[in-house]
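Below is one structure, written out as structure tokens; comments come after it.
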């Protein structure tokens, strides 16, 4: 069964500034590394931002993913009010599709991240979905905290 992400966080700046920072490759790479990624790259091509994170997998899940790390690729396609988000995991039939919405609230803004994670794997799919949900929720929170 699919897992969902639904995270709402207040950011200490206008939505346009949040969008600018969350679409900046240097900022995203720095945040990913600070949030615990073993390796991270980020690129921007027009309105599309791509972040590739290599993260450590807990020992209890290493047999499921066949290794101690996994590579997660996140692609954000930006519009004025936010971004469509697609995430894939190298070597695993696991994906996330969702939205990152930005809403102006005076001097601050609200970042609302939603998505559905699916791992099409017999028996261990729900465990992989939970791992990805937890890691992506941590990454979203780390990005917004880094803006403070």
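Evaluation of residue 50 against the conditions (1) part of a strand (DSSP E or B); (2) modelled with pLDDT of 90 or more; (3) within 19 Å of residue 137 (Cβ to Cβ); (4) under 14 Å from the mean Cα position of the chain (by Cα) shows that the sole unmet condition is (3). Only residues that are in contact with a strand residue (DSSP E or B) (Cβ under 7 Å, 6 or more places away or on another chain) and surrounded by 17 or more Cβ atoms within 10 Å (Cβ to Cβ) were counted in region 12-45, giving 10. For region 64-78: of the residues being touching a strand residue (DSSP E or B) at 6+ places or on another chain (Cβ under 7 Å) and at pLDDT below 90, which is nearest to residue 95 (Cα to Cα)? So, considering only residues that are touching a strand residue (DSSP E or B) at 6+ places or on another chain (Cβ under 7 Å) and at pLDDT below 90, the one nearest to residue 95 (Cα to Cα) is 70.
From the list 59, 94, 83, the lone residue that is on the phi < 0 side of the Ramachandran plot and surrounded by fewer than 15 Cβ atoms within 10 Å (Cβ to Cβ) is 59. In this structure, residue 143 does satisfy being within 12 Å of the chain's Cα centre (by Cα) and touching a residue at least 12 places away in the same chain (Cβ under 8 Å). Scanning region 104-111 finds one or more residues that are under 20 Å from residue 9 (Cα atoms), assigned to a strand (DSSP E or B) and out of contact with any strand residue (DSSP E or B) (no Cβ under 7 Å at 6 or more places or on another chain).
Being under 14 Å from the mean Cα position of the chain (by Cα) and in contact (Cβ under 8 Å) with a residue 12 or more places away in the chain narrows it down to one residue among 69, 43, 73; which is it? 73 is the lone residue from the list that is under 14 Å from the mean Cα position of the chain (by Cα) and in contact (Cβ under 8 Å) with a residue 12 or more places away in the chain. Answer yes or no as to whether residue 55 is farther than 17 Å from residue 113 by Cβ, assigned to a strand (DSSP E or B) and in contact (Cβ under 8 Å) with a residue 24 or more places away in the chain. Judged against the criteria, residue 55 is a match. Residue check: residue 2 meets all listed conditions (1) closer than 15 Å to residue 132 by Cα; (2) in contact with a helix residue (DSSP H, G or I) (Cβ under 8 Å, 6 or more places away or on another chain); (3) at pLDDT 95 or above but one, namely (3). Please verify whether region 121-144 includes one or more residues that are crowded, with 22+ Cβ neighbours inside 10 Å, assigned to a strand (DSSP E or B) and modelled with pLDDT of 80 or more. No: region 121-144 contains no residue that is crowded, with 22+ Cβ neighbours inside 10 Å, assigned to a strand (DSSP E or B) and modelled with pLDDT of 80 or more. Annotation: residue 12 fulfils all but one of (1) over 15 Å from the mean Cα position of the chain (by Cα); (2) within 19 Å of residue 98 (Cα to Cα); the unmet one is (2). Please state which of the following conditions residue 94 fails to meet, knowing it meets all the rest: (1) touching a residue at least 40 places away in the same chain (Cβ under 8 Å); (2) touching a helix residue (DSSP H, G or I) at 6+ places or on another chain (Cβ under 9 Å). That leaves (1) as the condition not met.
The values are calculated or read from the model by the stated rules, or taken from the named source; none is laboratory data. Worth saying up front: this structure is predicted, and the values here are computed from it rather than measured. Ideal geometry is used to build each Cβ from the backbone, glycine not excepted, and the neighbour counts take in all protein chains shown.
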